[in-house]
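Q: Questions regarding the structure given below will be posed in turn.
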Amino acid sequence: MRKAVLALLAAPLLTGAEAKPVLVPDVSERDIRIVYSFTGADLLLFGAILYPGGKLPDADKPTDIVVVVKGPTQSILVREKEKLGGLIWVNAARLRYRSAPSFYAVASSRPIEKILDDRAQAIYELGLDSLQLSPASSAPAEQQDRFERGLVDLKKRSGLYVEQPGAVEITDNVLYRAKLTIPARVPVGRFTAETFLVRDGHVLAAATRDIEIRKAGFERFVARSAEKWSLAYGLVAVALSVLFGWSAGVIARRF
C-alpha cells in the first residue's frame, strides 16, 4: 500500500519533468472560396505556445516556429526541352512524380538551416530542398536531381512554392503570427496548415489545422459540369465556340 501511494505521488513529478510545450494554432480562414473575381488571398496563421508550469524557455535557447501550408498531392509529368539544330525546341527526357504537393509554402522565425539540421528537415519536409517528391521511375540520381530542381523552379515562378525565412513573428516567446499569400492560380482541395515548435535543434511540438479551398458560384457549376457530365459539357463548349465565332463574323460583315 505504501509503495502504491509513493508511486501516485511521484507520477505528477515525472509527468511534469517530461512535459513538453503545447501549440494552440489557428488560421484566419478555414474555408476559402474561389469566384470569378478571385485574385488571391492573404492567410494569417497565428497561435500561442503553452509551456509546462508557465515557465518560459531560457534566453540562450530561443523558441522558433515553422509553419507549412500544403495543398493536395498530385501526379506531375515534367518534360525537359532541348534545342534541335539551334532553331526549335523539342521535348527530350521526361520524368513523372507520383505525389508532388500542388501548393507548398513555408515560413519560419529564422532560416530553417539555422534551427534544424538536414536530417530533421528531411523527416518533417521543412523547406523546398527537403521535399520528397516520389519520382515514379528509377532514373539516375543526377537526372532526378536535375528534374527536381526544374520542377521546384517552375512552381516557385508560378507562386505555388514559397519559402519565407524570418516571416514568423514571435511575441514574448508565447504568441506567434505569420502571413502567407494564397495565389489566384491555387488548385482546389483540402489543404493543411502545420505548425512546428523548435528549440535547441529539436521539434518539440506540432499541430495541424485543415483549410478547404473550393470553387463557388458559376465557377463551381462549370467545374462540376465538366466532372460529372463531361460529354455534354464538351458538346456545349463546342457549340458555344461555333456560335460566338459565327456571331463575330456576322458583326464584322455588317460593320
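Q: At 0.36 nm per residue, minus the direct Cα-Cα distance, what do ASP117 and ASP42 gain on full extension? Give it in nm, one decimal, please.
A: On the way: separation 75, 0.36 × 75 = 27.00 nm, distance 3.00 nm.
Extending this stretch completely gives an extra 24.0 nm.
Q: Using only Cα atoms, locate the centre of the range 20-83 and the centre of the range 129-181, then give the distance between them in Å, rounded to an integer.
A: 12 Å
Q: Considering only protein heavy atoms, what is the solvent-accessible area of ASP64 at a probe of 1.4 Å, reported in Å² to the nearest 10?
A: So the heavy atoms of ASP64 present about 10 Å² to solvent.
Q: Taking the highest mean first, how do the peptides 108-120, 187-199, 69-81 order by number of other beta carbon atoms within 10 angstrom per residue? Intermediate values should be presented prior to the final figure.
A: Numbers: 108-120: 17.2, 187-199: 19.4, 69-81: 15.6.
Result, highest mean Cβ count within 10 Å first: 187-199, 108-120, 69-81.
Q: Which aspartates and glutamates, on any chain, are close to LYS55 with Cα under 19 Å apart, when same-chain ones fewer than 8 places away are left out?
A: Within the straight-line limit of under 19 Å, LYS55 reaches these aspartates and glutamates: GLU18, ASP64, ASP172, ASP200.
Q: Just subtract the alpha-carbon distance of SER99 and ARG79 from 0.36 nm times their residue separation and send over the number in nm, one decimal. Before the final figure, lay out each step's value.
A: Numbers: separation 20, 0.36 × 20 = 7.20 nm, distance 1.65 nm.
That works out to 5.6 nm of additional length.
Q: Have a look at GLN132, LEU95, ALA105 and report the one farthest towards the positive end of the charge dipole of the range 71-153, computed about the Cα centre with Cβ charges (Lys/Arg +1, Asp/Glu -1).
A: LEU95
Q: Under 11 Å from the 7 Å Cα→Cβ point of SER158, by amide nitrogen: which residues of the range 65-97?
A: 76-78
Q: Could you order the peptides 50-62, 128-140 from most to least packed, using the average number of other C-beta atoms within 10 Å per residue? Please list the in-between numbers first.
A: Details: 50-62: 10.3, 128-140: 14.5.
Going by the mean number of other Cβ atoms within 10 Å, highest first, we get 128-140, 50-62.
Q: Based on Cβ point charges of +1 for Lys and Arg and -1 for Asp and Glu, what charge dipole magnitude is obtained for the range 2-215 about its Cα centre, in debye rounded to the nearest 20?
A: Details: 30 positive and 26 negative charges, 141 e Å.
Dipole of the range 2-215, to the nearest 20 debye: 680 debye.
Q: Assuming 0.36 nm per residue, please report the length gained on full extension of the stretch VAL24 to ASP172 beyond their Cα-Cα distance.
A: Numbers: separation 148, 0.36 × 148 = 53.28 nm, distance 1.55 nm.
Extra length available between VAL24 and ASP172 comes to 51.7 nm.
The values are calculated or read from the model by the stated rules, or taken from the named source; none is laboratory data. Bear in mind the structure is a predicted one, so any value in this text is a computation, not a measurement. Counting neighbours? That spans all protein chains shown, and the Cβs are built from the backbone with ideal geometry, glycine included. In case anyone asks, the SASA skips ligands and DNA or RNA and just uses the protein heavy atoms, side chains included. Shrake-Rupley method; radii C 1.70, N 1.55, O 1.52, S 1.80 Å.
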